[in-house]
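Trainee: Before anything else, here's the structure in question.
The values are calculated or read from the model by the stated rules, or taken from the named source; none is laboratory data. Predicted model only: the values in this text are computed from it and were never measured. Cβ coordinates were reconstructed from backbone atoms using ideal geometry, including for glycine residues, and neighbour counts include every protein chain displayed. Areas reflect the complete protein model, heavy atoms only, side chains present, ligands, DNA and RNA absent. Shrake-Rupley method; radii C 1.70, N 1.55, O 1.52, S 1.80 Å.
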Amino acid sequence: MSSLYKNYVEERTNKKVIETDKGFAVYSYYENAVYIEDIYVLPEYRKEGHAKKIADLICEEAKKKNINILIGTVDAKAKGANESVKTLLAYGMSVSESNSLIWFKKDI
């Protein structure tokens with residue numbers, strides 16, 4: 001069953017949402033890349049690989065569309081930014097560009 005949030009995002013934007021019982025991700029496609037805008041996992045399930053599982057689902061969908069680049073960002077001023085950076089690096093992403101956001105990129 002879809003949440004109201006998922007329905008809202010997908011109706012109002014060009015973004016997609018994947019939801020599980022432990023978290024969700026908001027993502028979209030740009031040219032030859034898929035951009036994960038947000039991943040949220042309930043605090044009690046963090047550090048158990050749930051963000052990776054959600055990202056893997058997005059990557060599987062992207063590959064079926066012949067998309068081979070995954071992009072993510074971290075707002076350096078956001079709460080938990082250090083943990084977000086560690087998570088993206090552990091997922092095999094590398095810093096791609098830097099301005100007010102830290103961009104990460106991974107070939108998939």
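Trainee: Would you please name the residue that is most open to solvent (accessible area, probe 1.4 Å), looking only at residues in region 15-47 that are assigned to a strand (DSSP E or B) and within 18 Å of Val85 (Cβ to Cβ)?
Mentor: Tyr40
Trainee: Could you list, ordered by first residue, the pairs with Cβ atoms under 7 Å in which the first is in region 51-77 and in contact (Cβ under 8 Å) with a residue 24 or more places away in the chain and the second is among the polar types (S, T, N, Q) and surrounded by 13 or more Cβ atoms within 10 Å (Cβ to Cβ), at least 6 apart or interchain?
Mentor: Pairs that qualify, where the first residue is in contact (Cβ under 8 Å) with a residue 24 or more places away in the chain and the partner is among the polar types (S, T, N, Q) and surrounded by 13 or more Cβ atoms within 10 Å (Cβ to Cβ), are Ala51/Thr87; Ile54/Thr20; Val74/Ser84.
Trainee: From Lys15, Lys63, which residue is among the basic types (Lys, Arg) and in contact with a Phe, Trp or Tyr (Cβ under 8 Å, 6 or more places away or on another chain)?
Mentor: Working: Lys63 fails: in contact with a Phe, Trp or Tyr (Cβ under 8 Å, 6 or more places away or on another chain).
Exactly one residue qualifies, and that residue is Lys15.
Trainee: For region 48-81, enumerate the residues that are surrounded by 13 or more Cβ atoms within 10 Å (Cβ to Cβ), over 16 Å from Phe24 (Cα atoms) and hydrophobic (A, V, I, L, M, F, W, C).
Mentor: Across region 48-81, the qualifying residues are Ala62, Ile67, Ile69, Leu70, Ile71, Val74, Ala76, Ala81.
Trainee: Go through Ile36, Ile54, Ile58 for me and flag whichever is touching a Ser or Thr at 6+ places or on another chain (Cβ under 7 Å) and at pLDDT 95 or above.
Mentor: Answer to the check: Ile54.
Trainee: Something else: Test Arg12 against the stated conditions and say whether it is open to solvent by 60 Å² or more (accessible area, probe 1.4 Å) and either under 21 Å from Lys106 (Cβ atoms) or aromatic (Phe, Trp, Tyr) (or both).
Mentor: Against the criterion (open to solvent by 60 Å² or more (accessible area, probe 1.4 Å) and either under 21 Å from Lys106 (Cβ atoms) or aromatic (Phe, Trp, Tyr) (or both)), Arg12 does not qualify.
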